[in-house]
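A.B. asks: After the structure tokens below, expect a handful of questions from me.
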Amino acid sequence: MREFAKKSILFTFVKVNESCNRMIKVMEENYNPCGNTMNVTDLSKACQTGSKEEVTKAFVNAASFILSAAVGGGDGKKGGKAAKPVQRTTKPLWDTKKFEKDQFFSQTAYLHVTEIAGNRITVENSFGNKLYVSKDILEGMYSGEHFKTEVAMNMTGLAELLQTVQDHVFTVTFRKQPTEENAADLLQAADKNSFKDKAKMATLAKEILAGENCTMTCHLVQVENNLGRSLVIDLSSKSANKFRQIDHRSIESIIF
């Protein structure tokens, strides 16, 4: 702890019970004399008597975290019942009897922000699970909406860029294939005077032939170079089938 203090390495502890008091005391005795103060947040009483909302709020203010929305304390009443254990809705993907130390696991999930309350960000992942995540953890993730620099590229360059995004979330703007329905909508929405102006008629015809403009936040599934298109999953779609195809020739911009 003294070496950590000399290097100005900061510590934040969240105490959830009284069994660690002696350990914390020893750590403070070796850490604090160097001029630093070890931050200890005491949640031991809150975990016993606080409500789920109260415990979650206190934890949020104390540390970086990723929590299931089901995690919390009791019902907030003295002598009240503890929170019910989380009911599992999915089956294990592997034999849990063979679970051992030093094994590795992976899961790629995409997070949709549904609520922002200070440092506590409520998200829903692509598996339908509701989670609480601290803002500092989200700041280290890839985004499909935020970007640092803007680079001008031609259509070929954008198509090549799409092939490098791998499983990162990204937002792509492209033109859909022209349809009779879209053409009818554009014609109905056009001003009557447009049909008397050659320049406006040319612009309208170009819009009809170009197809509807579409912006989609998604992740890549497969690139089909021989067909000049890519298969993606639309993360904003509410339908059961979220697979979409993007024609490389129609791409106008990519954010990732």
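A.B. asks: Put a dot 7 Å past each Cα toward the Cβ at Thr41 and Lys196; how far apart are the dots in nm?
C.D. replies: For the pair Lys196/Thr41, the computed spacing is 6.8 nm.
A.B. asks: Okay, moving on. Given Cα pairs under 8 Å that are at least 6 residues apart, what percent is the relative contact order of segment 155-255?
C.D. replies: Normalised by residue count, the contact order of segment 155-255 is 40 percent.
A.B. asks: Same structure again: Using the Karplus equation 6.51 cos²θ - 1.76 cosθ + 1.60 (θ = phi - 60°), what ³J(HN,Hα) coupling, rounded to whole Hz, does each residue of segment 122-135 give in order, writing x for Gly and Pro?
C.D. replies: Each residue of segment 122-135 in turn: 8, 10, 10, 7, 5, 9, x, 8, 8, 9, 10, 10, 6, 4 Hz.
A.B. asks: Find the centroid of the Cα atoms in segment 1-56 and in segment 125-140, then give the distance between the two in whole Å.
C.D. replies: The two parts, judged by their Cα centres, are 25 Å apart.
A.B. asks: Would you please give the FRET efficiency between Ser68 and Ala109, computed as 1/(1 + (r/R0)^6) with r the Cβ-Cβ distance and R0 = 22 Å, to the nearest 0.05?
C.D. replies: 0.95
A.B. asks: Between Lys97 and Lys242, what is the spin-label point distance in nm, taking each point 7 Å from the Cα along the Cα→C-beta axis?
C.D. replies: 3.5
A.B. asks: So for the pair Lys206, Lys130, with labels modelled 7 Å out along Cα→Cβ, what separation do we get in nm?
C.D. replies: With each label placed 7 Å out from Cα toward Cβ, I get 4.9 nm.
A.B. asks: Per 0.36 nm of contour for each residue apart, how much would the distance between Asp167 and Ile9 grow if the chain were fully extended, relative to their Cα-Cα spacing? All intermediate terms of the calculation are to be shown ahead of the outcome.
C.D. replies: Working: separation 158, 0.36 × 158 = 56.88 nm, distance 3.38 nm.
Once the chain is fully extended between Asp167 and Ile9, it gains 53.5 nm.
A.B. asks: Hey, got the dipole for the chain? About the Cα centre, +1 on K and R Cβ, -1 on D and E Cβ, debye to the nearest 20?
C.D. replies: Dipole size: approximately 900 debye.
A.B. asks: Using a Förster radius of 45 Å, what is the FRET efficiency between Cys34 and Ser253 based on their Cβ-Cβ separation? Nearest 0.05, please. Don't skip to the end; give the middle numbers.
C.D. replies: On the way: r = 51 Å, r/R0 = 1.14.
Once rounded, the FRET efficiency stands at 0.30.
A.B. asks: Work out, step by step, the length gained on full extension between Gln177 and Asn17: first 0.36 nm times the residue separation, then minus their alpha carbon distance; give nm to one decimal.
C.D. replies: That works out to 51.5 nm of additional length.
A.B. asks: Another question about this same structure. Please report the net charge: other residues with Cβ closer than 15 Å to the Cβ of Ala184, K and R +1, D and E -1.
C.D. replies: Once all neighbours under 15 Å are counted, the net charge is -4.
A.B. asks: Among Ser253, Leu162, Ala202, whose Cα projects farthest towards the positive end of the dipole of segment 155-255, with charges put on the beta-carbon of Lys, Arg (+1) and Asp, Glu (-1)?
C.D. replies: Value: Ala202.
A.B. asks: Please state the charge dipole magnitude for segment 155-255, taken about the Cα centre, from unit charges on C-beta atoms (+1 on K and R, -1 on D and E), reported in debye and rounded to the nearest 20.
C.D. replies: Dipole about the Cα centre, nearest 20: 220 debye.
No lab work stands behind these numbers, since they all come straight from the coordinates. Just so it is clear, the structure is predicted and the values come from calculations on it, not from any experiment. We place every Cβ from the backbone using ideal geometry, glycine too, and count neighbours over all the protein chains shown.
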